[in-house]
Amino acid sequence: QVQFVESGGGLVQPGGSLRLSCAASGSLFSFFAMGWYRQAPGKARELVARISRDDSTNYVDAVKGRFTISRDNAKKMVYLQMSSLKPEDTAIYYCNRFPAVAWGQGTQVTVSL
């Protein structure tokens with residue numbers, strides 16, 4: 001059974017940085033594309049960053065140049081380095097396979113003064 005445990009969220013001021021981590025369980029981790037998703041209050045969950053098996057990456061326009069996704073297959077970890085954070089980045093952030101399977105609890109990111 002695959003599970004994802006996200007961590008690293010918190011309260012940060014606009015312009016600040018955070019690094020999110022995701023620990024994955026289950027086999028064949030390196031065979032799957034992974035993604036970071038987010039859900040803001042009152043909005044649908046959206047994919048913000050994706051990393052493929054060959055480490056190629058894709059980002060939604062709103063985070064391009066500010067967020068960086070990476071993975072460590074040996075540790076079954078996925079990371080999201082976020083910089084130049086904006087209030088509109090406030091959301092619960094989740095990691096998952098792409099396409100998504102079972103969801104974890106996520107980690108709250110709040111960007112505010």
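The numbers here are math on the coordinates, done by the rules we state, and not lab data. Remember, it's a predicted structure, so these values are computed and weren't measured experimentally. No Cβ is skipped: glycine too gets one built from the backbone with ideal geometry, and neighbour counts run over all protein chains shown.
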Exercise for the section: Multiply the residue gap between Glu46 and Ser17 by 0.36 nm, knock off their C-alpha separation, and tell me the result in nm, one decimal place. Expected result: 8.4 nm
Fill in the blank from the handout: With 0.36 nm assigned to each residue of separation and the Cα-Cα distance removed, Lys64 to Val101 gains 10.8 nm
Exercise for the section: Report, in debye and to the nearest 20, how large the dipole of the chain comes out about its Cα centre when Lys and Arg carry +1 and Asp and Glu carry -1 on their Cβ. Expected result: 80 debye
Practice task
Pairs of Cα atoms under 8 Å, at least six residues apart: use those to get the relative contact order of the stretch 8-113, whole percent.
Solution key: 37 percent
Practice task
Largest first and in whole Å, give the semi-axes of the chain's equivalent ellipsoid, each being the square root of 5 times a Cα gyration tensor eigenvalue.
Solution key: 22, 14, 12
